[in-house]
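What follows is calculated from the coordinates using simple rules that are stated; it is not laboratory data. Please read all numbers here as calculations on a predicted model, not as lab measurements. Ideal geometry is used to build each Cβ from the backbone, glycine not excepted, and the neighbour counts take in all protein chains shown.
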Amino acid sequence: MILLEPRAFDPYAHLSAFSAEAVGAGAVASFIGVVRGDDGKGVLALFLDYFPGVTEKAITQAAEEARRRWPLVGVRIVHRIGEVKVGEPVVLVAVAAVHRRPALEACDFLMDFLKTEAPFWKKERRKDGDVWIEPRAEDYADRARWDE
Amino acid sequence: MILLEPRAFDPYAHLSAFSAEAVGAGAVASFIGVVRGDDGKGVLALFLDYFPGVTEKAITQAAEEARRRWPLVGVRIVHRIGEVKVGEPVVLVAVAAVHRRPALEACDFLMDFLKTEAPFWKKERRKDGDVWIEPRAEDYADRARWDE
Amino acid sequence: MARLLFFGALSDVMGRERALMLPENVRTARALIDHLCGFDSAFAAAYSQSRLRIAVNEIIVPPETPIGDSDEIAFLPPFSGG
Amino acid sequence: MARLLFFGALSDVMGRERALMLPENVRTARALIDHLCGFDSAFAAAYSQSRLRIAVNEIIVPPETPIGDSDEIAFLPPFSGG
């Protein structure tokens, strides 16, 4: 399931439902990203722009790519769009597999994808104004680990 | 928090409480291991033996080692002991950090530790009798990735 | 009229969407970028700051891709999700 | 009397706990293993199947570690958690 979510969501309820559906999986790896507010930049919220239709398709393709690389039982990705408040989850990636390493690696792979290759644009709403964010050099390097 | 749990536990409730406590973390990586029953071996349940006092201490030291290697905000490990039914969670590892890679890597590290270096002994109760399980060669190889 | 879409930082300076009758000499995505840089200094400034990707009819394409008046051309600054 | 503890597969054949007056020639963990193998064939069989680790007073130690009658000596088959 790939979901672009315009409202606050409960990642633990998603994870619970996802695990219940992942019949035969012995391993569920997950990643939850939360908007940080206490980093001295005065971030009040994020705003996430996206390209309707294209963003969903890109994420779906990344999930298919993960299934091609690892034997997986299931993948769920929930990503906020629009305004996201400090402290709210902005992304959930959950991967179920028979064994742990495929689940953990695919989760890592999908997060690197979302940071640099999924059509999202992130703006920080700060006390002193709005700033569009680009990935760090580190994010691109992390993504390059998966090049075949 | 390191917890040896003799009864079925709700990993999503743990994860939710853990995230709420992890103030300042932008990233929560987690792993949930579940007892598989449909692998043709006729597994009815697991039984987990442990060394009271020593097992907790070994896991605590592994969590400290993870904190030494990566900048982490928090670690929670819940591991079942005693009888664990098919379909029940047997382990939860949750790691919170400011950024995603430390959280994901420390989660991976701690699972490799639990598979091969934590004083647990796992018996499968199968239709045709009980079988003590030893780690696979793969598990030892995964663990060796972290040797310094 | 070609339909132009702008995302991220570009949408702040250009709005989300514009319709444009493509001039005769603008026949590729790259030529369209040059054209926009020429008549819109805000676009030129935003463009110079980061590598753009171009999607024609929802498919990301190289800048040399031919475009026409029936196309939707989207300008995509570097992605930053997660 | 030394307190011997057995875990995992070993606990099935030896029980969890035994008290043992250490014979005079048994002064290291390794000598105790040899001793147990000699008088208990079930232990010998279980021992031969996998590498044991030894904990003396809850600390994992090399087999050459000295032991005495006031010690707790635990026999640990290969760990398998998670």
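Would you mind telling me which residue in A:Pro135, A:Pro119, A:Pro11 has the biggest mean-square fluctuation in a Gaussian network model of chain A, where springs connect alpha carbons within a distance under 10 angstrom?
Ranking A:Pro135, A:Pro119, A:Pro11 by mean-square fluctuation puts A:Pro135 first.
What shape does segment D:9-82 have by the C-alpha gyration tensor, where a ≥ b ≥ c are the square roots of the eigenvalues, rounded means a/c under 1.5, and otherwise prolate means a/b greater than b/c and oblate the rest?
Cα axes put segment D:9-82 in the oblate bin.
Hey, in the GNM for chain A with a 10 angstrom Cα cutoff, which one of A:Ala103, A:Ala58, A:Ala94 fluctuates hardest?
A:Ala58
So which GluC sites (Glu not before Pro) in segment D:25-82 end up in coil per DSSP with only 15 or fewer other C-beta atoms within 10 Å?
D:Glu58, D:Glu64
List, shortest first and in nm to one decimal, how far the label point of C:His35 (7 Å from Cα along Cα→Cβ) is from its counterparts in the other copies.
9.4
Averaging sequence separations of C-alpha pairs under 8 Å and six or more residues apart, then dividing by the length of segment A:35-105, give the relative contact order as a whole percent.
38
Restrict the search to chain C; then list the trypsin sites (Lys or Arg not before Pro) that DSSP places in a loop and that have at most 14 other Cβ atoms within 10 Å of their Cβ. Spell out each step's value before the answer.
Working: sites: C:Arg3, C:Arg16, C:Arg18, C:Arg27, C:Arg30, C:Arg51, C:Arg53; in loops: C:Arg16, C:Arg27, C:Arg51.
Here the trypsin sites (Lys or Arg not before Pro) that fit, given the DSSP loop and packing criteria, are C:Arg16, C:Arg27, C:Arg51.
For chain A, what is the relative contact order in percent, using Cα pairs closer than 8 Å and at least 6 residues apart in sequence?
Details: 272 pairs, mean separation 49.1, N = 148.
Here the relative contact order equals 33 percent.
Ignore the peptide's own chain and count Cβ atoms of other chains within 10 Å of each Cβ in A:86-97; give me the average, rounded.
2
Taking every DSSP beta bridge that has both residues in chain C, what percent is antiparallel when rounded to the nearest 5?
Restricted to chain C, the bridges split so that about 75 percent are antiparallel.
For segment A:76-85, what does the Karplus curve 6.51 cos²θ - 1.76 cosθ + 1.60, with θ = phi - 60°, yield as ³J(HN,Hα) per residue in whole Hz, taken in order and with x for Gly and Pro?
Here the 3J(HN,Hα) series is 10, 10, 10, 10, 5, 10, x, 7, 10, 7 Hz.
When a/c is below 1.5 the answer is rounded, else prolate if a/b is larger than b/c, else oblate, so apply that to segment B:33-109 with a ≥ b ≥ c taken from the square roots of the Cα gyration tensor eigenvalues.
Oblate shape, in that a/c is at least 1.5 and b/c is the bigger or equal ratio.
Efficiency by 1/(1 + (r/R0)^6): what FRET value for D:Asn25 and D:Arg3, r their Cβ-Cβ distance, R0 = 22 Å, to the nearest 0.05?
0.65
What net charge do the residues around A:Pro11 carry, taking every other residue with its C-beta under 12 Å from that of A:Pro11, with Lys and Arg at +1 and Asp and Glu at -1?
-1
Let's test this: bin the Cα-Cα distances of segment B:1-147 at 5 Å from zero up to the farthest pair and state each bin's percent.
In whole percents, the pair-distance histogram is 2, 10, 18, 21, 21, 14, 9, 4, 1, 0, 0.
Calculate the mean, over all residues of peptide B:15-24, of how many other protein chain Cβ atoms lie within 10 angstrom of the residue's Cβ.
3
Test of understanding: in a Gaussian network model of chain B with alpha carbons linked when under 10 Å, which of B:Ile133, B:Ile59, B:Ile77 would top the mean-square fluctuation ranking?
B:Ile133
Can you report the principal axis dimensions of the protein assembly as shown using only the alpha carbons, biggest first, rounded to whole angstrom?
Projected onto the principal axes, the Cα atoms of the protein assembly as shown cover 102, 47, 34 Å.
Taking the Cα centroid of segment C:27-75 and of segment A:1-77, what is the distance between the two, rounded to the nearest whole Å?
30
Where in segment A:55-148 are there trypsin sites (Lys or Arg not before Pro) that are in a DSSP coil and have at most 13 other Cβ atoms within 10 angstrom of their Cβ?
Those that pass, being in a loop and sparsely packed, are A:Lys127, A:Arg136, A:Arg145.
For the protein assembly as shown: lysine pairs with Cα atoms under 14 Å, gap of 8 or more or different chains, count?
The result is 12.
If each DSSP helix of 4+ residues adds -39,500 (n - 2.57) and the sum is divided by the residues in chain A, what number results at 222 nm, nearest 500 deg cm²/dmol?
-11000 deg cm²/dmol
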